[in-house]
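Novice: The following block contains the structure, expressed as structure tokens.
The values are calculated or read from the model by the stated rules, or taken from the named source; none is laboratory data. All figures in this text were calculated on a predicted structure; none of them were measured in a lab. Cβ placement follows ideal geometry from the backbone for every residue including glycine, while neighbour counts extend to all protein chains displayed. We work out accessible area using only protein heavy atoms, side chains counted, and drop any ligands, DNA or RNA first. Shrake-Rupley method; radii C 1.70, N 1.55, O 1.52, S 1.80 Å.
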Amino acid sequence: MRAMGATHPLAAIVLQRALEKQAFVAGGENYHAPGQLVGDFLNKRPSTALGTVTPSYQPGVRLGELSDVLPAFAVDAIREALPAFGRQIKGFDMADAVMTGIETRTSSPLRIRRDAALQSTNTAGSISWWRGRRLRGRYLVCWRGRHQGRRGRRGLL
């Protein structure tokens, strides 16, 4: 976060929330995502109509100017990166391609195999500490702030 002059440990979360709020407004405050054609983004003009590429995001995309939603350092980096990727991957910087977003959160499919005692089978015997409790071979997996893997009263948490 030093690029924005912020050094607080939670500065990235503050930025994330601000970006999500700006994207919500730019999308029309109805859960449509803001979007822009790559050609328009590179030429610094707002998009007003789709080209040959139709976005698949539901409930929909509201075209406009993504540089109004993203921080300047991100806009500059994307404007530099798109043509570079286009030289490596044909069509990546196609003028009609639709940039849809912003995506501030990521998730990943994750599977942790466990035995009957709920021990991780690939880390048997490992010890971790969480809230003063000793957990052997168990992981706490969070996704968007929600704990996964609860089992009744005596689960992973």
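Novice: Spot the failing condition for ARG105; the list is (1) farther than 24 Å from ALA12 by Cβ; (2) open to solvent by 60 Å² or more (accessible area, probe 1.4 Å); (3) in contact (Cβ under 8 Å) with a residue 40 or more places away in the chain, and only one is missed.
Specialist: ARG105 satisfies all of (1) farther than 24 Å from ALA12 by Cβ; (2) open to solvent by 60 Å² or more (accessible area, probe 1.4 Å); (3) in contact (Cβ under 8 Å) with a residue 40 or more places away in the chain except (1).
Novice: Do you know which residues across the range 87-116 are β-branched (Val, Ile, Thr), farther than 26 Å from GLN22 by Cβ and modelled with pLDDT under 75?
Specialist: Listed by number, the list holds a single entry, ILE112.
Novice: Turning to a different aspect of this structure: Starting from the range 70-89, keep only residues that are within 14 Å of ASN43 (Cα to Cα), then list their pairs with residues that are open to solvent by 70 Å² or more (accessible area, probe 1.4 Å) whose Cβ atoms are within a distance under 8 Å, requiring at least 6 positions of separation or different chains.
Specialist: LEU82/PHE92
Novice: Which numbered condition in (1) in contact with a strand residue (DSSP E or B) (Cβ under 9 Å, 6 or more places away or on another chain); (2) more than 15 Å from THR104 (Cα to Cα) is the only one that LYS44 fails?
Specialist: (1)
Novice: Can you list residue pairs whose Cβ atoms sit under 7 Å apart, with the first residue in the range 42-68 being farther than 19 Å from PHE92 by Cβ and the second being of a type in the set (Ser, Thr, Tyr) and open to solvent by less than 40 Å² (accessible area, probe 1.4 Å)? Count only pairs 6 or more apart in sequence or on different chains.
Specialist: Partner pairs satisfying both residue conditions: LEU63/SER47; GLY64/SER47.
Novice: In the range 1-50, how many residues are in contact with a Leu (Cβ under 8 Å, 6 or more places away or on another chain) and either open to solvent by 40 Å² or more (accessible area, probe 1.4 Å) or modelled with pLDDT under 90 (or both)?
Specialist: So the answer is 8.
Novice: Across the range 51-78, which residue is least open to solvent (accessible area, probe 1.4 Å) among those that are assigned to a strand (DSSP E or B) and in contact with a His (Cβ under 7 Å, 6 or more places away or on another chain)?
Specialist: My answer is VAL61.
Novice: Test ALA23 against the stated conditions and say whether it is in contact with a strand residue (DSSP E or B) (Cβ under 6 Å, 6 or more places away or on another chain) and either in a helix (DSSP H, G or I) or among the charged types (D, E, K, R) (or both).
Specialist: Taking the combined requirement at face value, the residue satisfies it.
Novice: Same structure again: Condition test on ARG87, is it of a type in the set (Lys, Arg) and within 14 Å of GLY39 (Cα to Cα)?
Specialist: no
Novice: Is one or more of the residues making up the range 90-101 open to solvent by 40 Å² or more (accessible area, probe 1.4 Å), assigned to a strand (DSSP E or B), without any contact (Cβ under 8 Å) to a residue 40 or more places away in the chain and not hydroxyl-bearing (Ser, Thr, Tyr)?
Specialist: No, every residue in the range 90-101 fails to be open to solvent by 40 Å² or more (accessible area, probe 1.4 Å), assigned to a strand (DSSP E or B), without any contact (Cβ under 8 Å) to a residue 40 or more places away in the chain and not hydroxyl-bearing (Ser, Thr, Tyr).
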